[in-house]
Amino acid sequence: MTALPTTLADWLTYIERQHPATIDMGLERVRSVATAMQLGAPAARTITVGGTNGKGSTVAFIEAIARAAGWKTGAYTSPHLLRYNERVRIDGEEVSDDALVAAFAAVEAARGATTLTYFEYGTLAALHLFAQAGLDLAVLEVGLGGRLDAVNLIDADVAVITTVDIDHAEWLGSEREAIGSEKAGILRAWKPAVLGEIDPPSSVLRRAYLIGANAIRAGSDYFSEVLDDGQWAWRDVAVRLQLPMPALAGPVQLANASAAIAALRSLDRPDGLPLPRSAYAEGVAAARIRGRLQAVERDGATVLVDVGHNPQAAAALARALTSMPVAGQTFAVYAALQDKDAVGVVQALSEVVTHWTLAGLDGARGQSAGALAERLADTTAANAAQAPRVADALQQVTALAGAQDRILVFGSFHTAAEALQWLEHAEHAHSAI
């Protein structure tokens, strides 16, 4: 019998190799292992968050508001930026290596001959840890799609669909209606379904109607508006909340915070009492998540790091940059996976980016800067500078940018992770001089 791994790094290497495919959509295998592990509801109340963009931020808002109300809260998100531990938080803290090692061992002991993907291992491990923690609330980010995603094992008390747009077309389809149908698989009969965009696909609305889910729609059932005093207001038919602006940058974060508030207000609490108004204000102001227009100062210039990787996310970035004008120029470092709509991304940002630099990404889905440049030959990034890696691109661009300029580095979670690693290393090196 082969000895099991003993460190988190070794476990992550091990689970990557246990299934022939990175993605194998379907619930039969993961459900059988969950049954063997006797996994039930991960908390007294559960909220699942699906959609194309905004999931991680919405989870962060729900988690922060619930914690401000005194709830013991667990959050499961993916992918991670710098450490796997980022994916599983209990009471706002990343779980330890030892806890993850024990959870992976529990999954391994239960799976028998059933093969699991990396994401399925991680989901079962998170659910196992949550079940042991005695949580008031678990907030689970859906991975890919919804209907066949491992997180959809759980019958949540509230489901949130943030946005629906074209992404992962090879798995979910190339039309918004088809993707919406997959996303709507997380809705449950007679349970609240928070829809975070004003005009969701008809496939989502149709699914909610067919199963009797209570659709709670942005712009119809709840509303938000920016106030003149630097605050904003959220309201529905029963309440109006006046709130501080989120620390998370960008206009899109008001939509994410609004969906989070709607989800918590629709939650059927055991004690029947509403959350205190102060929890909403405190949570909105406290929510943090790395790689979402995260600002880092570097030699006088502002570097903005974002995980945005599809045209919808790029359009949100364009709106955010427009809302935050600078006296100088905007330099963009863009590195994308080969299966993404790079042309659509560049087109969405063409009016706000002054100079483009393209960088390569390693890995099976990565591509070189040259290959990316070929795809962008008919865009405003046609004559962009090129660099082999994100770190090299940042080295070039920070040398060019002045104190009144800003640098946007984006295109994938891999891009954001490499950027944050370089910025952290550069800051330490700078401090040591």
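Kindly indicate the residue of the stretch 1-29 that is charged (D, E, K, R) and modelled with pLDDT of 85 or more and also nearest to residue 101 (Cα to Cα) among those meeting that condition. Per the stated criteria, the residue is 10. Considering 181, 220, the condition of being hydroxyl-bearing (Ser, Thr, Tyr) and under 23 Å from the mean Cα position of the chain (by Cα) is satisfied by 181 alone.
For the stretch 407-430, the count of residues that are modelled with pLDDT of 95 or more, over 26 Å from residue 55 (Cβ atoms), surrounded by 17 or more Cβ atoms within 10 Å (Cβ to Cβ) and in contact with a strand residue (DSSP E or B) (Cβ under 8 Å, 6 or more places away or on another chain) is zero. Condition (residue is part of a helix (DSSP H, G or I) and buried (at least 16 other Cβ atoms within 10 Å of the Cβ)) applied to the stretch 376-389: is it met by at least one residue? No, the stretch 376-389 contains no residue that is part of a helix (DSSP H, G or I) and buried (at least 16 other Cβ atoms within 10 Å of the Cβ).
Screening the stretch 187-216 for residues that are buried (at least 19 other Cβ atoms within 10 Å of the Cβ) and β-branched (Val, Ile, Thr) and picking the one that is nearest to residue 61 (Cα to Cα) gives 194.
Here residue 263 does not fit the description of being touching a residue at least 24 places away in the same chain (Cβ under 8 Å) and either assigned by TED's automatic domain parsing to the domain that holds residue 343 or part of a strand (DSSP E or B) (or both). Scanning the stretch 253-265 for residues that are more than 20 Å from residue 315 (Cβ to Cβ) and more than 25 Å from the chain's Cα centre (by Cα) turns up nothing.
Listed here are the residues, each with its yes/no results for (1) in contact (Cβ under 8 Å) with a residue 40 or more places away in the chain; (2) of a type in the set (Gly, Ala, Ser); (3) within 21 Å of residue 258 (Cα to Cα); (4) crowded, with 24+ Cβ neighbours inside 10 Å.
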residue: 139; (1), (2), (3), (4): yes, no, yes, yes
residue: 142; (1), (2), (3), (4): yes, no, yes, yes
residue: 148; (1), (2), (3), (4): yes, no, no, no
residue: 152; (1), (2), (3), (4): yes, no, no, yes
residue: 178; (1), (2), (3), (4): no, yes, no, no
residue: 218; (1), (2), (3), (4): yes, yes, yes, no
residue: 221; (1), (2), (3), (4): yes, no, yes, no
residue: 226; (1), (2), (3), (4): no, no, yes, no
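Within the stretch 40-68, how many residues are part of a loop (DSSP other than H, G, I, E, B) and either among the β-branched types (Val, Ile, Thr) or surrounded by fewer than 21 Cβ atoms within 10 Å (Cβ to Cβ) (or both)?
Number of matching residues: 4.
Note on the stretch 70-89: among residues that are surrounded by 20 or more Cβ atoms within 10 Å (Cβ to Cβ) and within 30 Å of residue 273 (Cβ to Cβ), the one that is farthest from the chain's Cα centre (by Cα) is 71.
Where strands (runs of 3 or more DSSP E) sit wholly within the stretch 146-256, those with at least 2 residues that are farther than 29 Å from residue 119 by Cα and at pLDDT 90 or above occupy 214-217, 223-226, 231-235, 240-244.
Looking across the stretch 1-39, the residues that are outside any helix (DSSP H, G or I) and under 23 Å from residue 135 (Cβ atoms) come down to 27, 37, 38, 39. Does any residue in the stretch 285-310 that is on the phi > 0 side of the Ramachandran plot come within less than 9 Å, Cβ to Cβ, of a residue that is of a type in the set (D, E, K, R) and buried (at least 18 other Cβ atoms within 10 Å of the Cβ) six or more places away or on a different chain, and which pairs are these? Qualifying pairs under 9 Å: 291/306; 293/306; 300/405.
The values are calculated or read from the model by the stated rules, or taken from the named source; none is laboratory data. Quick caveat: nothing in here was measured; it's all calculated off a predicted structure. Methodologically, a virtual Cβ is constructed for each residue, glycine included, from the backbone with ideal geometry; neighbour enumeration extends over all protein chains shown.
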